[in-house]
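The values are calculated or read from the model by the stated rules, or taken from the named source; none is laboratory data. Keep in mind the model is a prediction, meaning the values are calculated, not measured. Positions of Cβ are backbone-derived with ideal geometry, glycine not excepted, and every protein chain shown enters the neighbour counts.
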């Protein structure tokens, strides 16, 4: 009984979640900044990153740990997510915590409300692959990908999988369980695939996603989006297409800007009519192909 009282006193509360999410974002931002700086230094004079600093986690993903040590049977909320079936330590690395902040806040809110848990933020043992921080501004024109892959962290498919989701997860330490179905490496890999195939950032995807394989529906959607942006009461404020981003009030030659974009280079070009809180509409053209 005394142990349960101590656990409740040390338990994370709902008003602490935003602070934890801020910590996740701070670690992620710092690791990404460290990686960009190291890439620039290497491009300038071939100075490699310090192995000792890498061992400290200067390029690491943030990590979220949940500890649940109740001596009584856990509650069984009537939902299929944010549920703990047994006491233990749960842990996962987090990719792009700013992008997933609303999702993380909702999930963690359920957990701290229904269970007496302790949440901790730290650095994971997984490093952010250098490809995921490049945006064209790092100035790496004098060094190729094969060379960078030998020096910096890069995606390795042997470490990217769906073992948890497939029920095939195994750990050398059975006392630590996964906190999520997909860790940061797997998530970032998927986010990169979205950008590669659709030609648009993953953060531009909206809550409502439509798919088409007919160009005429794409044309209709573009017309609808331009009209919606021209209406200040529509609830939409931006339109994103491969190689083009249009803001409300910047619609001169909108059609020409979209047509001149990079949509021809992508197998599934996507178009996003962006609303507040990602409440807009995304249309993905799956009829282009390779």
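Observations
- So residue 29, is it at pLDDT 95 or above, over 20 Å from residue 109 (Cα atoms), in the same structural domain as residue 169 (by TED's automatic domain parsing) and assigned to a helix (DSSP H, G or I): yes
- Condition check for residue 171: closer than 20 Å to residue 90 by Cβ, assigned by TED's automatic domain parsing to the domain that holds residue 42, free of Cβ contacts under 8 Å to residues at least 60 places away in the same chain and loosely packed, with under 13 Cβ neighbours inside 10 Å: yes
- Under the condition of being more than 24 Å from residue 160 (Cα to Cα) and in contact (Cβ under 8 Å) with a residue 40 or more places away in the chain, the residues counted in the stretch 88-119 number 13.
- Odd one out for residue 155, checked against (1) within 18 Å of the chain's Cα centre (by Cα); (2) free of Cβ contacts under 8 Å to residues at least 24 places away in the same chain; (3) under 22 Å from residue 60 (Cβ atoms); (4) not in a helix (DSSP H, G or I): (2)
- From the options 279, 240, residue that is out of contact with any helix residue (DSSP H, G or I) (no Cβ under 7 Å at 6 or more places or on another chain), modelled with pLDDT of 95 or more and assigned by TED's automatic domain parsing to the domain that holds residue 212: 279
- Verdict on residue 283 being within 30 Å of residue 81 (Cα to Cα) and part of a loop (DSSP other than H, G, I, E, B): no
- Every pair of residues 6+ apart whose Cβ atoms lie under 7 Å, when the first sits in the stretch 231-257 and is at positive phi while the second is modelled with pLDDT of 90 or more and surrounded by fewer than 17 Cβ atoms within 10 Å (Cβ to Cβ): 235/276; 243/262
- Residue in the stretch 52-71 that is assigned to a helix (DSSP H, G or I) and either on the phi > 0 side of the Ramachandran plot or touching a residue at least 60 places away in the same chain (Cβ under 8 Å) (or both) present: yes
- Any hit, the stretch 121-128, residues being under 30 Å from residue 207 (Cα atoms), at pLDDT 95 or above and not in a strand (DSSP E or B): yes
- The single residue among 140, 104 that is surrounded by 15 or more Cβ atoms within 10 Å (Cβ to Cβ) and closer than 22 Å to residue 187 by Cα turns out to be 104.
- The one condition in (1) part of a loop (DSSP other than H, G, I, E, B); (2) assigned by TED's automatic domain parsing to the domain that holds residue 109; (3) touching a residue at least 24 places away in the same chain (Cβ under 8 Å) that residue 131 fails to fulfil: (1)
- Set 74, 129, 97, 62: member being farther than 24 Å from residue 28 by Cα and surrounded by 15 or more Cβ atoms within 10 Å (Cβ to Cβ): 74
- Summed over the stretch 77-107, the residues that are in a loop (DSSP other than H, G, I, E, B) and either over 23 Å from residue 159 (Cβ atoms) or modelled with pLDDT under 90 (or both) give a count of 12.
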